[in-house]
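Chemist: What follows is a structure written as structure tokens; I'll ask about it next.
None of the figures in this text is laboratory data; all of them are computed from the coordinates on show. Only a predicted model underlies this, so the values are computations on that prediction, with no experimental measurement involved. Backbone-built Cβ (ideal geometry, glycine too); neighbour counts: all protein chains shown.
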Amino acid sequence: MPDFDVIIVGGGIAGASLGAVLARKRRALIIEAEDQCGYHTTGRSAAFWLAHYGGPEVMPLTLASGPKLDRGWPTGERSWLHRRGAITIARNYTDLRDALGANSPEAPLSELKRLGMERRIPGLREGWDFGVDDPSCADIDVAALHQACLAHFKRSSGQILCSTRLKSAKRSGDRWAVEAGSERFTASVIVNAAGAWADAVARRCGVRPLGIRPLRRTVVQLRIGRSGLRKLPLINDALERFYFKGESDNRVWVSPHDETASEPCDAAAEELDVATAIDRFESVVDWPVEAVERSWAGLRSFAPDRLPVFGFGSEPGFFWCAGQGGFGIQTSPAAAGLCAALLLGEPPTLNERPFSPLRFESEEN
Ligand SMILES: Cc1cc2nc3c(=O)[nH]c(=O)nc-3n(C[C@H](O)[C@H](O)[C@H](O)COP(=O)(O)OP(=O)(O)OC[C@H]3O[C@@H](n4cnc5c(N)ncnc54)[C@H](O)[C@@H]3O)c2cc1C
């Protein structure tokens, strides 16, 4: 029976990025249920890096990841970032307070008045008079980043098995006996990087689930009857009802910022969410919507406190790398480094305490 130090369950960005760090130091295997890695949430993101997104506890992970993404971590081929900038907009000043409160020296924000906003967002409708400018926001080349992680993992002797769903795992002594697809393995550590299935995977391993909930988020690609949209900043609503960004000269990606509870599944956009996205978009700019070219949805997974879960819990040999919510791509290099340090027993360079699975130990889920 093939034996590994670490079996990583899930080949999305969480499993791939951690694998990229671990593979030189441990005999590692990634098992992925689908026939390709990245089929679920990782392949469906809106692909931006936004310093303040996810709140103050997540920000150190995002800020530590930014320069790495810019240098093409983990391979250094080229930068995965393309600077875009973001503007958070509001109809009244009080709605902007939270956005302004997030100001930090590493990614400074500045206030915009109506005139400045009109220059950046031509066709902005009446009433959107207040804005916060965040020039540090960037697009991430998610597919290239993910592929680079997988390639680096393989070059470092890591193995990947697709179409191999973890069925069950039993701990005996200091090893796991794992049944996955038609295969059997042994390993000393299982990493749970199963995204929306994180709790389901824990149950299959006889480990207490943590209450990680998948929430559906929709994105719609619209063709617009005007050009010059490619470099449009990411436009965020201060009240979190929509965001949109230019995708090509005459296309935009719009999200209605939905968070609908879902079972773990192959998520798809629902008509109502698509209609809501268009409605909210049209309330911001006077650009003619010519067509809905495509729409999709993915599951963002959240622990009860909406912070990621990184580390060993109380069950030996079971490592959590889950609950990355809406920031799993932009935090991936730093999260992978932190998880690798925790797994290998090395001193972490970031504060791991907010993310420890042990924070849920006294709670009933
Ligand atoms: C619409 C949308 C927009 C987003 N925008 C951004 C953004 O702009 N920036 C950002 O940083 N983040 C964004 N995110 C969030 C980001 O995409 C996620 O945080 C990230 O992709 C999570 O990665 P993951 O590897 O944990 O999950 P996944 O990519 O879902 O990977 C988990 C994998 O585990 C596999 N798996 C499950 N069960 C098993 C099993 N039993 N055996 C084997 N394999 C199994 C699944 O098949 C899956 O491939 C967005 C998400 C969505 C949905």
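Chemist: Under 18 Å from the 7 Å Cα→Cβ point of N92, by amide nitrogen: which residues of segment 235-272?
Modeler: It comes to 237-241, nothing else.
Chemist: Using only Cα atoms, tell me the angle between helix 142-155 and the longest principal axis of the chain; keep it within 0 to 90° and round to the nearest 10.
Modeler: Between helix and principal axis, roughly 20 degrees.
Chemist: Which angle from 0 to 90°, rounded to the nearest 10, does the C-alpha axis of helix 332-344 make with the longest principal axis of the chain?
Modeler: So the inclination is approximately 20 degrees.
Chemist: With a cap of 15 neighbouring Cβ atoms within 10 Å, and only residues DSSP puts in a loop, list the GluC sites (Glu not before Pro) found in segment 50-151.
Modeler: E57, E77, E106, E126
Chemist: Can you list residues whose amide H is under 5 Å from G12's amide H, if they're 5+ apart or on another chain and H is modeled 1.01 Å from N?
Modeler: Those lying under 5 Å, H to H, from G12 are G38.
Chemist: Per q in 0.09, 0.17 Å⁻¹, report the Debye log10 I(q)/I(0) for segment 203-322, using one uniform scatterer on each alpha carbon and no solvent.
Modeler: For segment 203-322, the Cα-only Debye profile gives -0.35, -0.85.
Chemist: While we're looking at this one, here's another question. Report the Cα-based extents of segment 268-347 along its three principal axes, largest first, to the nearest Å.
Modeler: That works out to 56, 22, 22 Å along the principal axes.
Chemist: Oh, and also: Nearest 20 debye, what's the magnitude of the dipole of segment 181-272 about its Cα centre given +1 on Lys and Arg Cβ and -1 on Asp and Glu Cβ?
Modeler: Values: 14 positive and 12 negative charges, 54 e Å.
Dipole about the Cα centre, nearest 20: 260 debye.
Chemist: Rounded to the nearest 5, what is the percent of antiparallel bridges among the DSSP beta bridges in the chain?
Modeler: Working: 56 of 76 bridges.
Percentage antiparallel, nearest 5: 75.
Chemist: Right, another one. Under a crude label model (7 Å from the Cα following the beta-carbon direction), how far is T349 from R114 in nanometres?
Modeler: 4.8
Chemist: Grab the alpha carbons of segment 18-168, take their convex hull, and tell me the volume per residue in Å³. If you can, show how the numbers build up before the last one.
Modeler: Details: hull volume 23.7 nm³, N = 151.
Expressed per residue, the convex hull around the Cα atoms of segment 18-168 is 157 Å³.
Chemist: For a paramagnetic label modelled at 7 Å from the Cα of Q221 toward its Cβ, which residues of segment 24-66 fall within the zone defined by backbone nitrogen distances under 19 Å?
Modeler: 38-49
Chemist: Using the C-alpha gyration tensor of segment 309-365, what are the square roots of 5 times its eigenvalues, in whole angstrom, with the largest one first?
Modeler: Values: eigenvalues 67, 44, 18 Å².
One finds semi-axes of 18, 15, 9 Å for segment 309-365.
Chemist: Determine, at each q value in 0.08, 0.10, 0.15 (inverse angstroms), the log₁₀ of I(q)/I(0) that the Debye formula gives when each Cα of the chain is one equal point scatterer.
Modeler: Here the Debye-derived log intensity ratios amount to -0.40, -0.62, -1.28.
Chemist: Give me the angle, in degrees from 0 to 90, between the Cα long axis of helix 59-70 and the longest principal axis of the Cα atoms of the chain, rounded to the nearest 10.
Modeler: Helix 59-70 sits at roughly 90 degrees to that axis.
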